[in-house]
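The next block holds one structure in the form of structure tokens; read it before the comments.
The values are calculated or read from the model by the stated rules, or taken from the named source; none is laboratory data. Because the structure is a prediction, the values reported are computed rather than measured. Methodologically, a virtual Cβ is constructed for each residue, glycine included, from the backbone with ideal geometry; neighbour enumeration extends over all protein chains shown. Only protein heavy atoms, including side chains, enter the accessible area calculation; ligands, DNA and RNA are left aside. Shrake-Rupley method; radii C 1.70, N 1.55, O 1.52, S 1.80 Å.
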Amino acid sequence: MARLIHIIYSSAAKTHFGPEELLALLGSARSKNTSLNISGMLLHIEGSFLQVIEGNEADIDALFETISEDPRHGNIVTIVRESIPRRAFSDWSMGFADISREDLERTTGWNDFLSNADAVRSLVPGRAQKLLTAFKDGRWRSKAPRTKPAAPVATQAAHVAPAVEGMGVAFQPIISVSQGRVISFEALAWDIRMQREVTAADQGADVVGVIEEEARKRAMLFSDRPDADFGININLRPTSADDAVRKMQSIIDQAKAQNLMNRSLTLELNQDYLDTDRDSVLTIVQDCKENGLKICLDHFGAGRSDLNQMETSQPNSIALNEQLVRDIDKNGTKQAIIRGLVQTCNDLGIDVIAKHVETESEFDWLVSEGIDMFQGGFFGNPRLNEFPTDVRIPEWR
């Protein structure tokens, strides 16, 4: 089966594009892309272009090579090239920001993205939506090149005996402030006696791996409800490249068997592991994305984490390390770091999850800087074998 991918890039016009030139470009692009079953969105404003093209891998790569050789634009920046489970623009046509309303009304299939504040909300939520918002807000505007370019639902799922005595699976809510609800639950391998998450320091990496694998299976069984409107975040801490491939493939197989592929399933990948056998892990990460699973780089900002991992793994989200979040309202150095991360993630279409938020002051500072997704005791503690219903979702205006 052909792999479905999208490429998102920005560029700058080398020559003036007036309404007639833009309409001509719109018509030729729409005609060609329709014949190749390629969908997407092309935006233009003040000499800058941003385009999303999605379709079969071979067709998209061939089209992008042709686009890159087009002499009418330059300073081409590839923002994202990755596998996708489904199209975000299957019902959208290409559009430009600066065509007149009369021309717009004469153009079949038009979407006035930049003049309609609600248009972006009709997109499938994800990276493309975020990047288009960033473009609308003034980022990813390429400069003209020089001559020489420089609320949660409770469940009554039956209890399942843990594979390791004294261990179970607990669920902690992840909330979205803008949506005003729980959007996912993280499944935690839980030490029942200590009432906290199991760590490698407690049990050793191999034992924790067994406990977490059982927790993942049980979490997916608990979430097997057709009316559930939340996702599941699943931890993955492999001990080797082969272990990573085996565990990721097991999750994909189980999700398919339980018909969970249309649910929001996110793998929280320990970012330190990406440095151990990058090629093997990134191959299976691509397979996960192709099958509709999302990737979150966990503990971002700790250990060996660096911004290169955003480029190589192209995650859907990052989860801030606990030490970055703790007392963020009082620490200027941490504040500067998080501001930079939030801006980078916004420009790359990556969600930021602030975990381990325990105080109102921490929440107030983080949400004021544009972070929308949160997890921690301030919102709700983990609950063994059930999805918590007593979740605090603060209002923010």
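Computed with a 1.4 Å probe over protein heavy atoms only, the accessible area of Leu282 comes to about 40 Å². The 3J(HN,Hα) values that the Karplus relation (6.51, -1.76, 1.60; θ = phi - 60°) gives for region 364-375 are, in residue order, 4, 5, 5, 5, 5, 8, x, 6, 10, 10, 9, 8 Hz. Gly and Pro appear as x. Ordering 242-249, 352-359, 166-173, 21-28 by mean Cβ neighbour count within 10 Å, with the highest value first, yields 166-173, 352-359, 242-249, 21-28. Pairs with C-alpha atoms separated by more than 30 Å, drawn from the list Lys294/Lys334; Lys217/Lys355; Lys294/Lys330; Lys130/Lys217, are Lys294/Lys330; Lys130/Lys217.
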